Amino acid sequence: MRNAGLGAWPARRAQMTPERTAFVFADRPVTYAEFHERTTRLASRLREAGVTAGDRVAYFGRNHVAFAETMFATHMLGGIFVPLNFRLAAPEIGYMLDHSGAQVLIYAPECAEVVRDTSASLREIVALDTPGPGERHYETWLAEGDPTPIDVPVGLDDTALILYTSGTTGRPKGATLTHGNLVWNCFNLLAGVDVASDEVTLISAPLFHVAALDQTLLPTFLKGGCSVITPSWDVDECYDLIERSRVTWMFGVATMFAALAQSPRWADADLSSLRHLMSGGAAIPASLIRAYQERGLVFCQGYGLTETAPGATFLEASQSVRKVGSAGVPVFFTNVRVVRPDGADAAVGEPGEVLIQGPNVTPGYWRNPEATAAAFSDGDWFSSGDIAVLDEEGHLYVVDRVKDMYISGGENVYPAEVEAVIFEHPAVAEVAVVGVPDPQWGEVGRAFVVPRPGVSVTSDELRDFLRSRLAKYKIPAYFDVVDDLPKTGSGKIQKPELRRLPPPVGDSSATPARSDQSQQTSQANSSTRSSA
């Protein structure tokens, strides 16, 4: 085949394992043969709509088999797939459609109102259900497509995806990933995880998120396994699907795995089919990892970014107990450094910024040469903006984001470290720590704590808990006990929203002085809010 990219995968899998189940959605199985025919028909309709090599096709909606069909069909034509966050508002989606230059938009029913309010210029709009005026109906449109095989020249260096980052400051950036980036990421993952051809992978994290797509769906498809797709994350549904579908592999972020462990079903649920649990996106508290280990489950975590497709480091199952809390070592075909501000390699145990180099690393940002140049200011090494330390064996421990670190009385404070200790309190379900201005110390910590259901916790109780576990300067000056935390569509806590909240209640000048610049008081007044 002339298509060396992902667009050839449906045909190759249909030839190798036509009757094997590729996907299950809403209890309906789809074989690899059926999937190949459907994606080919869809590709023919996209071609009739004018999509050719390099053109962009967007998908806007919750997880659905149509997401995978749209992606592979776009890649059959050498086009570029643009998955969009279904939680965004019309102006945000409009910007991404215009910035990417998308020509076709396929959207799910829950996004209809946003699509109606979006003024982006598109050649074709296709609705999974109930199309508006001038729009196509997905199933009807697809069924009328031509099933004749399509094979156009596509190289590994051709762009496959544009993934828009969260955009914590200013407009979001569109990270581009090539077909080669995605293929090498699969190779890296398969070198560290024993993905089998009989894998049953639960995909409940959003597929517009790079980890759910590139760390689970694509490797499972490559191996000929089955992906069980759910529209959204639900604790009870997760337990039901694990038992009913005999799920062997699942990915989640920390909040998802914490919710499973806090469920009343945790102790008695049949989890015997699970072979791999994998997490990423944020540091996982060591106490949560141990809870899974005590349940007899292997909990592996990795580290990466959208721009690294995403795997940069990975902790293999064999090391999960000995190196609990580590994000592992560099994945097989990728290099990772931890550097000081002057670019020199940091010493063992010394915090520094993580730099990444390898065939899985983005070539840059879509239509943003300035951001691309800034990200590769150190030659061909990508600057992650993350702070980590390496131990004597080369295992990476992610400390925090550069932008999340704050300085209190001249001392660097890494919120992820503080959060991990607060999370060990038995009453705490979730926690996020940010730095807030302080007239005496420059910045102090403000912790937002979500209690476990039916349990209460006070600021004084949390301070008492932390006194013997953290240096004084690391203990937050303020505690907000809240009902929930703002999160992105991928489940990450949105710290920028927390920073934008009104200043904490209480007079920070009442904070007792520290004996030196390395001791932060734990006696400041706390604030309490009903919701974050």
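Every number in this text was worked out from the coordinates using simple rules, so none of it is lab data. Because the structure is predicted, anything quoted here is derived from the model rather than measured. Cβ placement follows ideal geometry from the backbone for every residue including glycine, while neighbour counts extend to all protein chains displayed.
Want the number for W266 to E461: 0.36 nm per residue separation, take away the alpha-carbon distance, what's left?
67.5 nm
Along each principal axis of its Cα atoms, how long is segment 406-510 end to end? Whole angstroms, biggest number first, please.
That gives 36, 31, 24 Å along the principal axes, largest extent first.
With label points built 7 Å along Cα→Cβ from the Cα atoms of D342 and V321, find their separation and express it in nm.
4.4
I want the local charge near E353. Using Cβ-Cβ distances under 15 Å, sum +1 for each Lys or Arg and -1 for each Asp or Glu among the other residues.
-4
Within segment 9-105, list the chymotrypsin sites (Phe, Trp or Tyr not before Pro) lying in a DSSP loop whose Cβ has at most 15 other Cβ atoms in a 10 Å radius.
Passing both the DSSP loop test and the Cβ count: no residue.
Would you mind checking the tilt of helix 90-100 against the longest principal axis of the Cα atoms of the chain, expressed as 0 to 90 degrees and rounded to 10?
Long axis of 90-100 versus the principal axis of the chain: about 60 degrees.
What whole number of Å gives the distance from the Cα centroid of segment 404-436 to the Cα centroid of segment 439-509?
Between the Cα centre of segment 439-509 and that of segment 404-436, the gap is 8 Å.
Work out from phi, with θ = phi - 60° and the Karplus expression 6.51 cos²θ - 1.76 cosθ + 1.60, the ³J(HN,Hα) of each residue of segment 468-474, listed in order in whole Hz, and give x for Gly and Pro.
The phi angles translate into 8, 10, 9, 4, 4, 5, 8 Hz.
I need the trypsin sites (Lys or Arg not before Pro) found in segment 305-360, filtered to DSSP loop residues with at most 12 other beta carbons within 10 Å of theirs.
Filter output for segment 305-360: R322.
Based on the mean of other beta carbon atoms within 10 Å per residue, what is the order of 473-479, 41-47, most packed first?
In descending order of packing, they fall as 473-479, 41-47.
Once amide H atoms are built 1.01 Å from N in the peptide plane, which residues 5 or more positions from V481, or in another chain, come under 5 Å H to H?
Under 5 Å from the amide H of V481: V449, R529.
For the pair A53/E110, report the inter-label distance in nm, with labels modelled 7 Å from Cα in the Cβ direction.
3.7
Please list 3J(HN,Hα) in residue order for segment 268-275, calculated via the Karplus relation 6.51 cos²θ - 1.76 cosθ + 1.60 where θ = phi - 60°; whole Hz, with x for glycine and proline.
Running phi through 6.51 cos²θ - 1.76 cosθ + 1.60 with θ = phi - 60° gives 10, 5, 7, 10, 5, 6, 5, 10 Hz.
Could you list which residues have their amide H under 5 Å from that of M405, counting only those 5 or more apart in sequence or on another chain, with H placed in the peptide plane?
Under 5 Å from the amide H of M405: no residue qualifies.
How large is the helix-only mean residue ellipticity at 222 nm for the chain, computed as the sum of -39500 (n - 2.57) over DSSP H runs with n ≥ 4, divided by its residue count, in deg cm²/dmol to the nearest 500?
-7500 deg cm²/dmol
From the list (i) 185; (ii) 149; (iii) 164, can you say which value of volume of the Cα convex hull per residue in Å³ was derived from the structure given?
The listed entry that was calculated here is (ii).
Would you please put 245-256, 151-162 in order of how densely packed they are, using the mean number of other Cβ atoms within 10 angstrom per residue and starting with the highest?
Top to bottom by mean Cβ count within 10 Å: 245-256, 151-162.
Once you put a point 7 Å from the Cα of R452 and another 7 Å from the Cα of D484, both along the Cβ direction, what distance in nm separates them?
About 2.1 nm separates the two model spin labels.
Once amide H atoms are built 1.01 Å from N in the peptide plane, which residues 5 or more positions from T31, or in another chain, come under 5 Å H to H?
Placed amide hydrogens put A22 under 5 Å from T31.
Please report Rg over Rh for segment 56-192, where both radii come from the alpha carbon positions and Rh follows the Kirkwood definition.
My calculation puts Rg/Rh at 0.98.
Which whole-Hz couplings ³J(HN,Hα) result when phi for each residue of segment 444-450 is put into the Karplus expression 6.51 cos²θ - 1.76 cosθ + 1.60, θ = phi - 60°, listed in order with x for Gly and Pro?
9, x, 10, 9, 9, 10, 9
May I ask for the longest run of the chain untouched by GluC sites (Glu not before Pro) that are loop-located per DSSP and have at most 13 neighbouring C-beta atoms (other than their own) within 10 Å?
145-391
Excluding residues fewer than 8 places away in the same chain, name every one of the lysines whose C-alpha is closer than 20 Å to that of K487.
K173, K403, K495
Which FRET efficiency value, to the nearest 0.05, is calculated for S468 and F333 with the Förster distance at 45 angstrom and r the Cβ-Cβ distance?
0.55
For K223, list the lysines whose Cα falls under 30 Å from its own Cα; do not include residues on the same chain fewer than 8 positions away.
K323, K492
Using only Cα atoms and rounding to the nearest 10 degrees, what angle (0 to 90) does helix 179-192 make with the longest principal axis of the chain?
60
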